[in-house]
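To keep things clear, I will list the structure first and then write my remarks on it.
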Amino acid sequence: MTLLTRLTLRRGTDKPRLSPLLRLLILTQLAFNIGFFAVLPFLAEHLGGAVGMAGWMVGFVLGLRTFSQQGLFVVGGALADRYGIRPVVLTGCVLRIAGFGWLGYAERSWAVIGAVLLIGFAAALFSPAVESEVARQAVVWEQTGGGSRTRVLALFTVAGQAGAFVGPLLGALLLSVDFRTVCLAGAGIFVLVLAGHAWLLPQHIPGRARVQLRGGLGPLLRNRRFLALCCAYGAYLLAYNQLYLALPAEVERAAGSQAPLAWLFALSSLLVVTTQLPVTRWVGDRLTLRRSMAAGLTLIAVGFAAVAAAAPAGGTGVIGLIPAAGFVVLLTFGQMLVAPAARAWVPDLAEEGRLGLYTGALSSVSGLIVLLGSAATGTLLDTGLPTAVPWLLLAAVPAAAVGLLPRRG
């Protein structure tokens, strides 16, 4: 079944199809991730090799990119509420094109930093605008009898994961020429996205009211249920981030190198692309949003605990990698339950007319939790404690997050 065929998301002929706007936004996520991940995986090596940056400087630049993107999502969401998604998305695409073009020709540290900041801020504009409108349209689709809103958001997740899978393959192919070609190809993809959205994205979307920038942050900070969701989602993202922190250390211990990591990452992507929609369809008919998130967080906790339980045996080779593979599978299925449900829950908790602000705040607050938690996790992994101890402590994070989930809704 092709992606375009799945866009219908129908269980029968009486079910409404996704609107043209929803199809455009979901395919937008696919294109965004192809262009972005064609460049990002090769950035660190380029900075350390061709540009000649020290290791700490490479880490600093990558951290700046994350901050300028994830940390400013709340800004992009607020702008989308004020001006509509069309100008914000188009501006973000223009900045991403400029950022990739600049990065391809940047040879000094200051130029690289400027390009990376531009690339990150571009995503801080268009991503919350697109995500908030997908969430709003998913609610409309649900209200018109299309089915659970989580199915639309699951398809959005699948499109993003497919782009994250295809992007590095494209980048690796073009890297045989040089890194500049990779950057220019990424910019070219966003040129196509810009042209398509300038043509197809409506000037005004029915039902979307524009609000003033001021006056939204206070109610958000007093919205305890929404902040509780942010904290629980942040705990999930911190756990998911262990794919890049704790998992490599475990794979190195079991296999003597990090070569199997690529296969484990491919396994995760393949699971999302092939099973996200059936899992979401099955869960959507049986579980509330809270129970879906609770089940996903529990699966993730079990994944960490499984590695901790196997650690005393000290297995190596293929046998030693089985706990790591089990962790990846459980984490991925947990992600399938948590991510669509969290996005689907935001419209129920957001103030009227400020869905963009709340969608952006979900990413910004949870991103801050990941930033602080990752520093603590890195320290924990470097303490020389028995392998089981860090993994048990990490298992406690998603387990505790279940208790943070809002009780109603």
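The values are calculated or read from the model by the stated rules, or taken from the named source; none is laboratory data. Please read all numbers here as calculations on a predicted model, not as lab measurements. In this analysis, Cβ positions are derived from the backbone assuming ideal geometry, glycine residues included, and neighbour counts consider all displayed protein chains. Quick note on the areas: whole protein, heavy atoms, side chains included, nothing else; ligands and nucleic acids left out. Shrake-Rupley method; radii C 1.70, N 1.55, O 1.52, S 1.80 Å.
Ordering MET57, MET336 by accessible surface, largest first, gives MET57, MET336; the 1.4 Å probe counts only protein heavy atoms, with every chain in place. Ellipsoid fit via the Cα gyration tensor, the range 271-396: semi-axes of 31, 20, 11 Å, each the root of five times an eigenvalue, largest first.
For the range 131-163 and the range 233-277, compute the distance between their C-alpha centroids and round to whole Å. What the calculation gives is 25 Å, centre to centre. Sorting the segments 342-349, 278-285 by their mean number of nearby beta carbons within 10 angstrom, highest to lowest, gives 342-349, 278-285.
Can you bin the range 173-319 into rounded, prolate or oblate? Criterion: square roots of the alpha carbon gyration tensor eigenvalues sorted a ≥ b ≥ c, rounded for a/c under 1.5, prolate for a/b above b/c, oblate for the rest. Oblate.
The listed peptides 326-333, 38-45, 73-80, ordered by packing as a protection proxy, come out as 73-80, 326-333, 38-45 (highest mean of other Cβ atoms within 10 Å first). Sorted into 10 angstrom bins from 0, the C-alpha pair distances of the range 307-349 split as 25, 32, 21, 15, 7 percent. Computed from backbone phi with θ = phi - 60° and the Karplus coefficients 6.51, -1.76 and 1.60, the 3J(HN,Hα) list for the range 302-316 is 5, x, 4, 5, 5, 5, 4, 5, 7, 4, x, 5, x, x, 10 Hz; x is used for glycine and proline. In terms of packing, defined here as the mean over residues of other Cβ atoms within 10 angstrom, the peptides 110-122, 165-177 line up highest first as 110-122, 165-177. Among the protein heavy atoms, those of LEU299 account for about 60 Å² of accessible surface (1.4 Å probe, every chain in place). Quick check: at a probe of 1.4 Å, how many percent of the accessible area of the range 124-211 sits on carbon and sulfur atoms? Within the range 124-211, the accessible surface is 69 percent carbon and sulfur. Per residue, the range 77-227 exposes an accessible area of 43 Å² to a 1.4 Å probe, with every protein chain left in place.
Rg and Dmax of the range 122-162, both derived from C-alpha coordinates alone, stand at 11.0, 35 Å.
Under the rule a/c < 1.5 gives rounded, and otherwise a/b versus b/c splits prolate from oblate, where does the range 59-122 land using the Cα gyration tensor? Note, shape of the range 59-122 comes out oblate. From helices alone, the chain scores -25500 deg cm²/dmol at 222 nm; the rule is -39500 (n - 2.57) for each run of n ≥ 4 DSSP H residues, then divide by the residue total. The P(r) of the chain has a tail past 31 Å containing 38 percent of all C-alpha pairs. Our coupling estimate for the range 162-177, obtained by passing each phi through the Karplus curve with A = 6.51, B = -1.76, C = 1.60 and θ = phi - 60°, is 4, x, 5, 7, 6, x, x, 5, 5, x, 5, 5, 6, 5, 5, 7 Hz, Gly and Pro reported as x.
The largest accessible area among HIS204, HIS46, HIS197 belongs to the first residue in HIS204, HIS46, HIS197, and the rest follow in falling order (1.4 Å probe, all chains). Residue-wise HN-Hα couplings along the range 382-391, as the Karplus relation 6.51 cos²θ - 1.76 cosθ + 1.60 with θ = phi - 60° gives them from phi, are 8, 7, x, 5, x, 3, 5, 5, x, 5 Hz; Gly and Pro carry x.
Under the rule a/c < 1.5 gives rounded, and otherwise a/b versus b/c splits prolate from oblate, where does the range 33-148 land using the Cα gyration tensor? Prolate.
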